[in-house]
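The structure appears below as structure tokens.
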Amino acid sequence: MVAITAPSSIEQIPLMRCPKANAGQAAAAIPCVDLSAPGAAAAVADACRSVGFFRATNHGVPAGVADALESRAMAFFALPAQDKVDMSGAARPLGYGSKTIGSNGDVGWLEYLLLSVSSNSVKVSSLPPPLRTALEEYTAAVREVGGRVLELIAEGLGVDRALLRSMVVGREGGDELVRVNHYPPCPLRAPGDCGVTGFGEHTDPQIISVLRSNCTAGLQIKLRDGRWVPVPPDPESFFVNVGDSLQVLTNGRFRSVKHRVVAPEGAQSRLSVIYFGGTAASQRIAPLPQVMRDGEQSLYREFTWGEYKRAAYKTRLGDHRLGPFELRAAASEPAQGADPQPHCSSGTCMPQQQQVAQVY
Ligand SMILES: O=C(O)CCC(=O)C(=O)O
Ligand SMILES: [Fe+2]
């Protein structure tokens, strides 16, 4: 097992309540779209409206591209902690991070690499060359999947097919990121139906995210009815998230999906790679006029991607980040701060009643 080292000040990992879900029902709740099928545009739009998340098959990415990145990434994460920092810089926010996510107190049982991948180059000079090559090949492939999904979304919305894709792919000054998350098996045992936080509940702020993981479970999404359901891992598929920006571009027709990761309890690490399709800092994020009905008002005040990203970096993962940009508070969920959470400390979870009651 690879040990995660971290400053002692972040020794505390929050718990999350993970009610046992019926595996069949959970899998059925997650839409699956064959990207090459004739009805793909309608199916993608439907999934983005109902769940904000779907599994994409027939995406055209050869298995070897993702497998190569997976093995290079595992080799990187097996290096001594200091080497990982030396090679990629400490995450601020880009670079190598361990346990700390962002700079506002979020922690989880993971280590990661967060990289800017706009304009086809991974902007970290000293990564091991085989890892860099694997990242660049993977990024080129997953960007195509993201681009295709954005075309299908546009088609499903009845707007110009190239409109959303051109905000992200090949966009001058664009903002595409890749995050490689490694969740080693967690030796901490959570009480009852709790799990140890791998990555806390959040929505992704960009337009869309495209995720691929190895065979180890852990990802969960929140359905519209409030139920958390586990996403069965499937290394042969990609999983697509609606991000906050797409929620705004569709004036709330699509909703960004809340998701989180529970740390692996078994012997296997989870390795996931997420491509975040963001746009240029100067891009206005506002409902597309073509999707608005006559007389329909925007639910959001005007902002640019740059403004939203800056605001997002000042918040906690679980904060309702779109809240300050909403014009009609009643139209969306109440703003939520990060709940106080129970903690694991020094390898033992504390099953105090009061703490467990505060699990989100
Ligand atoms: O690692 C995962 O499976 C998901 C992580 C995630 O949601 C993120 O990095 O934004
Ligand atoms: Fe995410």
### Summary
Within the stretch 74-99, residues being at pLDDT 95 or above, under 20 Å from the mean Cα position of the chain (by Cα) and surrounded by fewer than 19 Cβ atoms within 10 Å (Cβ to Cβ) number 1
### Message
Out of everything in the stretch 247-261 that is touching a Ser or Thr at 6+ places or on another chain (Cβ under 7 Å) and within 15 Å of ligand 2 (Cβ to nearest atom), what residue ends up being nearest to LEU163 (Cα to Cα)?
### Response
GLN247
### Query
Which residue out of GLY278, GLY226 is out of contact with any strand residue (DSSP E or B) (no Cβ under 8 Å at 6 or more places or on another chain) and either modelled with pLDDT under 95 or under 27 Å from ARG301 (Cα atoms) (or both)?
GLY226
### Task
Among the residues of the stretch 226-237, write down those that are within 12 Å of ligand 1 (Cβ to nearest atom) and part of a strand (DSSP E or B).
PRO230
### Query
Only one residue in THR304, THR250 is surrounded by fewer than 24 Cβ atoms within 10 Å (Cβ to Cβ), polar (S, T, N, Q), at negative phi and touching a Lys or Arg at 6+ places or on another chain (Cβ under 7 Å). Which one?
THR304
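Results for (1) in contact (Cβ under 8 Å) with a residue 60 or more places away in the chain; (2) surrounded by 20 or more Cβ atoms within 10 Å (Cβ to Cβ); (3) over 19 Å from the mean Cα position of the chain (by Cα); (4) within 16 Å of ligand 1 (Cβ to nearest atom), shown as yes or no for each residue.
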site: ALA140; (1), (2), (3), (4): no, no, no, no
site: VAL149; (1), (2), (3), (4): yes, yes, no, no
site: ILE153; (1), (2), (3), (4): yes, yes, no, no
site: ASP160; (1), (2), (3), (4): yes, no, yes, no
site: LEU188; (1), (2), (3), (4): yes, no, yes, no
### Which listed residue is surrounded by 14 or more Cβ atoms within 10 Å (Cβ to Cβ), in contact with a strand residue (DSSP E or B) (Cβ under 7 Å, 6 or more places away or on another chain) and assigned to a helix (DSSP H, G or I), from ALA68, ALA27, ALA56, ALA43
ALA43
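Look through the stretch 187-207, keep the residues that are of a type in the set (A, V, I, L, M, F, W, C) and touching a Cys at 6+ places or on another chain (Cβ under 9 Å), and return whichever of them is nearest to ligand 2 (Cβ to nearest atom).
Among residues in the stretch 187-207 that are of a type in the set (A, V, I, L, M, F, W, C) and touching a Cys at 6+ places or on another chain (Cβ under 9 Å), the one nearest to ligand 2 (Cβ to nearest atom) is VAL196.
The values are calculated or read from the model by the stated rules, or taken from the named source; none is laboratory data. All values reported here derive from a predicted model rather than from experimental measurement. Because the Cβ atoms are built from the backbone with ideal geometry, glycine has one as well, and the counts that use them run over all protein chains shown.
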